[in-house]
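FYI, it's all coordinate maths here, none of it is from the lab. Quick caveat, the model's predicted, so the values are computed rather than measured. Every residue, glycine as well, gets a Cβ built from its backbone with ideal geometry; the counts of neighbours run over all protein chains shown.
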Amino acid sequence: MSPALRIEKPSQNFIDETVIRTHLKAAERVEADRVRAVIAKARELKGLDMPDVTALLQCSEPALLEEMFHAAREVKESIYGKRLVLFAPLYISNLCQNNCLYCAFRITNKNVRRRALTQEEIAEEVLYLERKGHKRILLVAGEAYPGEGLDYIFKAVATIYSVREGKGEIRRVNVNIAPLTVEEFRQLKACKIGTYQLFQETYHIPTYKSLHVSGPKANYEWRLGAVGRAFEGGINDVGIGVLFGLYDYRFEILALLQHIRHLESVYGVGPHTISVPRLEPADGSFISEHPPFPVSDLDFKKIVAILRLTVPYTGIIMSTRETAKMRAETFALGVSQISAGSRTNPGGYAEGESATAQFQLGDHRSPDEVILDITRMGYVPSFCTACYRLGRTGADFMDLAKPGLIKQFCLPNAIMTFKEYLEDYASPETREAGLKAIRKNLEDIPSKERRLEAERRLLRIEGGERDLYF
């Protein structure tokens, strides 16, 4: 059924603009002692409430910002250690029925080169990504499908999982597609996806309505209720986000927090991930060259740090929209997942620019170059998918994360998947740097027994075994 024809009652809007404005007004003259008290509270790893977050948002004093950034790094590393999870987006279609003024895929864009990949072409894209060492894929599609409708997505997920070459395989498929009904989410769950990801883009209703001119996406409440319906459909891990630059980032962060608290209240768990894209130039976009509310690099780093302090156990995703320099700076502020070697056009990996991309990229490095750089920075590249495959998702994941137990799994699993990459795909330079990093990071595994077992499994990986995890 087309989203435009759905008759399900839309979710009640739980974003309270009056509350947001009241908090921003109350914190206009925030004192340094108040900011430091919030930072100290954040170090307790219990998260922050709206008055706390507002105090940090209104802070602009350089010395206090440095304290905030330092605390964000402490919080991230105390929970997840030095690991950074890598993935690749896979755009399978740029067909769309929406008219979103900031997006190249919008239906009225006459310049766009439209394309929906066949299952055979999807398989070719997956082969390309496997040959680069990827194990995680984020499937992305415009909000319209070929004649077979939603079955096109279900078949694409099955195709991605089915493609294997040598030791290459995709172990987790996350999905970013149009909002669904509860029953459709059940069908998507049956495809064995990982995370369902959907961005509200902007929580500010007047801005939302002015930018989403027509199509199903013009329905603000239908989109706002989508991740809740995903939970109801049995999907345990959901990802949310804002497209920063469309409206005041301070408003968006507080609205995002209201969304998170609503999910926690109703479904018992918040989002598994939060994405923080900034508006980038897009072919045929009316506004992307000049964002209505541009976010400076300093404010962008502040956004990442505040989110890490506010929801310490939630993954923060940084895409290749940002430059290599900005990405590197945000790793130390709380980012825990990154894309690498990305393309945002259907067929872009195997064939190049045969179809229009959704937006311009800021980081054009290959996956191996990204991995070498982050290794030299002291991070552990991770291709781990263990939690999803062992059922450590949703509330179960949080039950391990909040007492600090997840680190016992994250670091050794990151090391073992990194070892696979070094054995199978790395350049000589990356392999040399990676083996040194593994020896160093083994020492940081908290449990001696776990460390010794990880060392034994590394030897098994050298002997040809794959997909070992705790």
Enumerate cysteines in the chain without a disulfide-compatible partner, where compatibility requires another Cys Cβ under 4.7 angstrom. Cys59, Cys96, Cys191, Cys384, Cys387, Cys410
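List the pairs from Lys76/Lys132; Lys82/Lys436; Lys82/Lys440; Lys135/Lys448 whose alpha-carbon separation is above 19 Å, in the order I gave them.
Lys76/Lys132; Lys135/Lys448
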Once you keep just the Cα pairs under 8 angstrom separated by 6 or more residues, what percentage relative contact order results for the chain? 20
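Tell me, Kirkwood radius of region 1-133 from alpha-carbon pair distances, in Å?
Every distinct Cα pair counted, the radius reaches 20.3 Å.
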If contacts are Cα pairs under 8 angstrom and at least 6 residues apart, what is the relative contact order of region 363-470 in percent? 33
Considering amide H positions built from the backbone, and no H for Pro or chain starts, which residues 5 or more places from Gly362, or on another chain, come under 5 Å of its amide H? Arg321, Glu322
Dipole of the chain, positive end: most advanced residue of Ser427, Asn99, Ile438 [Cβ charges, Cα centre]: Ile438
Going by how many other beta carbons lie within 10 Å of each one, how would you line up Thr181, Thr22, Thr375, fewest first? Thr22, Thr181, Thr375
Going fewest to most other Cβ atoms within 10 Å around each Cβ, Ser447, Ser339 line up as Ser447, Ser339
Give me the one-decimal nm value for the distance between modelled label points at Arg466 and Ala26, 7 Å along each residue's Cα-to-Cβ direction. 5.5
Which one of Ile461, Ser339, Gly245 has its Cα pushed farthest toward the positive end of the charge dipole of the chain, where Lys and Arg give +1 and Asp and Glu give -1 at the Cβ? Ile461
Calculate, in nm to one decimal, what Asp49 and Lys189 gain on full extension: separation in residues at 0.36 nm each, minus their alpha carbon distance. 47.2 nm
Of every Cα-Cα pair in region 404-462, the percent that sits beyond 18 Å: 29
Can you pull the Rg over Rh of the chain, Cα-only, Kirkwood? 0.94
Roughly how many whole Å is it from the C-alpha centroid of region 33-60 to that of region 202-246? 27
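Just rank Arg114, Arg278, Arg308, fewest to most, by other beta-carbon atoms within 10 angstrom. The partial results should precede the final answer.
Working: Arg114 16, Arg278 23, Arg308 28.
Ordered from fewest to most neighbouring Cβ atoms within 10 Å, Arg114, Arg278, Arg308 come out as Arg114, Arg278, Arg308.
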